[in-house]
Amino acid sequence: MARVRLGVAERRQELLRAAIGQIEERGVSAVRIADVANALGVSNALVLYHFSTKEKLVAAAFTYAAQDDLAHLRKLLGRRTTALRRLRAAVRWYAPTGQAKGWRLWIEGWAVALREPALRDVTRDLDRQWKAALTEVIAEGVAAGEFRCPDPTATALRLTALLDGLAVQMTAYPGAVSRARTQQWVDEALARELGLDRVEPQTVEPQTDGPRTAEPQKAEPQTPDA
């Protein structure tokens, strides 16, 4: 069978997708360069050629996952509809859905980031961009008179902190809180923050997966490079 040769950018993406899969399966601390190489049928040397250390590979893998999340967030917030619809779509998508595999990835990432400066920079930047995007759409809604919010920046921080905390509970302690109760609390918090009596369920199209719940796209198996 002919060997498949990929360009540099394609090869890096393949390696990053494989790294995400291995991190989710084994954990950040346990994953090895060899695990990523074996998953694709390539040599350790090839992985190290693109990412000279495990730490750089892990940081790049989280960056890759974060970029996917942020791209989808911007798509939701860029829809041609009201600020309230866009905001609730983003919050519903971000909220934990009970499919905790992807959330484990990020919770592990946060833990390791306490000791790894490169990963800490990645998670901090993702956090900053999420809050900035939510702050912007909240401010748009206030300007349009859709709802009331004296401090959009603080509201974005409180909402994401609530969602992150609920995700930790659902991931670390299965059954501690139901998906339905979680969504109820999120809806109530959003209504309080925006000065609304309630946030109507029909204000947004149903969302099935949160940003940290969907499995990464699996790469097609590749044969080793010559």
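The values are calculated or read from the model by the stated rules, or taken from the named source; none is laboratory data. Computed from a prediction, not measured in an experiment: that's the story for all the values here. Ideal geometry is used to build each Cβ from the backbone, glycine not excepted, and the neighbour counts take in all protein chains shown. Side chains are part of the model used for accessible areas, which takes the heavy atoms of the whole protein and leaves out ligands, DNA and RNA. Shrake-Rupley method; radii C 1.70, N 1.55, O 1.52, S 1.80 Å.
Flag not set for Gly41, criterion: under 21 Å from Trp110 (Cβ atoms) and touching a residue at least 12 places away in the same chain (Cβ under 8 Å).
Among the residues of the stretch 40-76, those that are surrounded by 21 or more Cβ atoms within 10 Å (Cβ to Cβ) and touching a Phe, Trp or Tyr at 6+ places or on another chain (Cβ under 7 Å) comprise Leu57, Leu76. Is at least one residue of the stretch 87-106 farther than 20 Å from Leu196 by Cβ, in contact (Cβ under 8 Å) with a residue 12 or more places away in the chain, charged (D, E, K, R) and open to solvent by 60 Å² or more (accessible area, probe 1.4 Å)? There is at least one residue in the stretch 87-106 that is farther than 20 Å from Leu196 by Cβ, in contact (Cβ under 8 Å) with a residue 12 or more places away in the chain, charged (D, E, K, R) and open to solvent by 60 Å² or more (accessible area, probe 1.4 Å). The conditions of being open to solvent by 80 Å² or more (accessible area, probe 1.4 Å), hydrophobic (A, V, I, L, M, F, W, C), at pLDDT 90 or above and closer than 30 Å to Thr63 by Cβ are not met by Leu134. Selection of the stretch 27-49 for residues being within 23 Å of Leu126 (Cα to Cα) and either in a helix (DSSP H, G or I) or within 18 Å of the chain's Cα centre (by Cα) (or both) yields Gly27, Val28. Could you say whether any residue in the stretch 87-103 is among the charged types (D, E, K, R) and closer than 19 Å to Val168 by Cα? So far as the stretch 87-103 goes, yes, one or more of its residues are among the charged types (D, E, K, R) and closer than 19 Å to Val168 by Cα.
Candidates in the stretch 71-104 are the residues that are within 23 Å of Val177 (Cβ to Cβ) and at pLDDT 80 or above; of these, the one that is nearest to the chain's Cα centre (by Cα) is Tyr94. Any residue in the stretch 174-183 that is modelled with pLDDT under 90, under 27 Å from Ile23 (Cα atoms) and touching an Asp or Glu at 6+ places or on another chain (Cβ under 8 Å)? Taking every residue of the stretch 174-183 in turn, none turns out to be modelled with pLDDT under 90, under 27 Å from Ile23 (Cα atoms) and touching an Asp or Glu at 6+ places or on another chain (Cβ under 8 Å).
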